[in-house]
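Heads up: the structure comes next, in structure tokens.
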Amino acid sequence: MSSLPATTHPFPVRVFGGPTALFEYGGLRFLTDPTFDTPGDYARPDGRFLTKTAPSSGAPADLGSIDLVLLSHDEHPDNLDKSGRALLADVELTLTTPGGGQRLKDGAKGLADWESVELNRPEGGTITVTGVPAIHGPGPREKVEPVTGQVVGFVLTGEDLPTVYVSGDNASLDVVQEIAERFAPIDTALLFAGAPRFPELFDNQLIVLSSAQAAEAAQLLGARRVVPVHYDSWAHFTEGRDELAAAFTAAGLADRLDWGQRD
């Protein structure tokens, strides 16, 4: 991996398990998909359950102040749980799907595809957060969203700042290609993976990227660093850290992986 300019040196990302990660960017502190509930069974909107198998590596009280939550979607307990919802009340702005913005209301704003907001940086200048497409299952949006709901990803940009992509629960490499055409190369990609499947959904096809697809996404994005998230702590994931490491090694991208800080 070639050396980066000083302004794009990788910033620390603290990962908590599942889809939850914390990072500071442009002087603001961002949190992705907050999930801090204890292990156990959690109801999905369709009445079935998701099983959390491991505790988070931290708690909301450990986080300090959060300026912004990037919430890929609000309808599934493995992306926003009870403790996560409580946390949103103390955060000034949550960016999420258009539907989620309506459901969460106070402090939440939904972003349509390619819609952007500008945030003021503490020491001057701005950060642009752009909502980018994500499809939570196989096939076109119009067939997937009635089953698994809307999902949004995010791209963060700013003068003298690295370009950051947060994928959300996306299963489509076509979507990744669209994002790459607008924003590549990506300095840091937080890629949701884990190859989750459910026999009752889409004939057991993937609803988020597999490990091999995550490596392909990294190639499409020209990603200099990949922080995998949302591949552990839940029973519905069919691939984990070992599979991710093997896939990136097979693709010649092992040096791009960053597992993030755990404490």
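So here's what we get for this one:
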{"read-out": "Residue ID - farthest from the chain's Cα centre (by Cα), chosen from residues in the range 3-37 that are of a type in the set (Ser, Thr, Tyr) and at pLDDT 95 or above", "value": "TYR25"}
{"read-out": "Residue in the range 93-102 that is surrounded by fewer than 22 Cβ atoms within 10 Å (Cβ to Cβ) and part of a loop (DSSP other than H, G, I, E, B) present", "value": "no"}
{"read-out": "Filter result for ASP232 (part of a helix (DSSP H, G or I) and of a type outside the set (A, V, I, L, M))", "value": "no"}
{"read-out": "Residue ID - surrounded by the fewest Cβ atoms within 10 Å (Cβ to Cβ), chosen from residues in the range 28-44 that are of a type outside the set (A, V, I, L, M, F, W, C) and in contact with an Asp or Glu (Cβ under 6 Å, 6 or more places away or on another chain)", "value": "ARG29"}
{"read-out": "One residue from VAL129, VAL151, VAL147, VAL164 being touching a residue at least 40 places away in the same chain (Cβ under 8 Å) and farther than 23 Å from TYR231 by Cβ", "value": "VAL129"}
{"read-out": "Of residues in the range 45-78 being in contact with a Phe, Trp or Tyr (Cβ under 8 Å, 6 or more places away or on another chain) and hydrophobic (A, V, I, L, M, F, W, C), the one surrounded by the most Cβ atoms within 10 Å (Cβ to Cβ)", "value": "LEU70"}
{"read-out": "Criterion: within 17 Å of the chain's Cα centre (by Cα) and more than 27 Å from ARG241 (Cα to Cα) - qualifying residue of VAL129, VAL166", "value": "VAL129"}
{"read-out": "Residues being loosely packed, with under 15 Cβ neighbours inside 10 Å, outside any loop (DSSP other than H, G, I, E, B) and touching a residue at least 60 places away in the same chain (Cβ under 8 Å) - total across the range 112-125", "value": "0"}
{"read-out": "Which numbered condition GLN177 misses (of (1) surrounded by fewer than 21 Cβ atoms within 10 Å (Cβ to Cβ); (2) more than 22 Å from LEU257 (Cβ to Cβ))", "value": "(2)"}
{"read-out": "Scope the range 176-206; condition of a type in the set (A, V, I, L, M), farther than 26 Å from SER57 by Cα and assigned to a loop (DSSP other than H, G, I, E, B); matching residues", "value": "ALA184, ILE186, LEU201, LEU206"}
{"read-out": "The range 207-227: number of residues that are surrounded by 18 or more Cβ atoms within 10 Å (Cβ to Cβ) and outside any helix (DSSP H, G or I)", "value": "9"}
{"read-out": "First in the range 233-257 and under 26 Å from THR53 (Cβ atoms) and without any contact (Cβ under 8 Å) to a residue 40 or more places away in the chain, second anywhere and basic (Lys, Arg) and crowded, with 18+ Cβ neighbours inside 10 Å, Cβ under 7 Å, 6 or more apart", "value": "PHE248/ARG256"}
{"read-out": "Qualifying positions in the range 137-161 - within 20 Å of the chain's Cα centre (by Cα) and either closer than 23 Å to ALA184 by Cβ or among the acidic types (Asp, Glu) (or both)", "value": "ARG141, GLU145, VAL151, VAL152, GLY153, PHE154, VAL155, LEU156, THR157, GLY158, LEU161"}
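The values are calculated or read from the model by the stated rules, or taken from the named source; none is laboratory data. Only a predicted model underlies this, so the values are computations on that prediction, with no experimental measurement involved. So basically every Cβ, Gly included, is an ideal-geometry build from the backbone, and we count neighbours across all protein chains shown.
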